[in-house]
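Visitor: Below you will find the structure I want to go over with you.
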């Protein structure tokens, strides 16, 4: 019997670029994603798995997808946080996108109308369907 390899999951992680930008990730190569306080975002982060693909979204003034990351390790409890629900995951830079995909572009596309990025704008860890990923890549010049 042949075993089927699990397809990588797809996610979007948000970060304020003046806190930790995609350029910082490129410089560092990898980082530990931490500090998530929202309960639903934490639940989503616990679902992330090694090998999953992640869109890097700059919040604040920019509000755009600017690059791609890959999950290096499965999620774990944050050893630096006393909160037992705190979770961390290690990610690495994959590539900067040739063109940022702005929130305004995403809002203008009816295909994204029900996406949690738009429905729950304060959510910092959002699932992305493979179809959404492909559409976003095209908009990003890939």
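Visitor: State whether the residues of the stretch 92-105 include one that is loosely packed, with under 13 Cβ neighbours inside 10 Å and under 25 Å from residue 39 (Cβ atoms).
Guide: No, the stretch 92-105 contains no residue that is loosely packed, with under 13 Cβ neighbours inside 10 Å and under 25 Å from residue 39 (Cβ atoms).
Visitor: A follow-up question, please. Could you say whether any residue in the stretch 119-128 is assigned to a helix (DSSP H, G or I), touching a strand residue (DSSP E or B) at 6+ places or on another chain (Cβ under 8 Å), free of Cβ contacts under 8 Å to residues at least 60 places away in the same chain and farther than 16 Å from residue 46 by Cβ?
Guide: Pass one, the stretch 119-128, residues assigned to a helix (DSSP H, G or I): 119.
From what is left, the residues that are touching a strand residue (DSSP E or B) at 6+ places or on another chain (Cβ under 8 Å) are none.
Looking for residues that are assigned to a helix (DSSP H, G or I), touching a strand residue (DSSP E or B) at 6+ places or on another chain (Cβ under 8 Å), free of Cβ contacts under 8 Å to residues at least 60 places away in the same chain and farther than 16 Å from residue 46 by Cβ, one finds none in the stretch 119-128, hence no.
Visitor: Let me ask you something else. Taking the stretch 98-119 on its own, how many of its residues are at pLDDT below 95 and touching a helix residue (DSSP H, G or I) at 6+ places or on another chain (Cβ under 7 Å)?
Guide: Final tally of qualifying residues: 1.
Visitor: Could you please find all residues in the stretch 47-61 being surrounded by fewer than 17 Cβ atoms within 10 Å (Cβ to Cβ) and either in contact with a helix residue (DSSP H, G or I) (Cβ under 6 Å, 6 or more places away or on another chain) or under 18 Å from residue 122 (Cα atoms) (or both)?
Guide: Within the stretch 47-61, 60, 61 qualify.
The values are calculated or read from the model by the stated rules, or taken from the named source; none is laboratory data. Just so you know, these numbers come straight off a predicted model, no measurement behind them. Don't worry about glycine lacking a Cβ; one is built from the backbone with ideal geometry, like all the others, and counts go over all protein chains shown.
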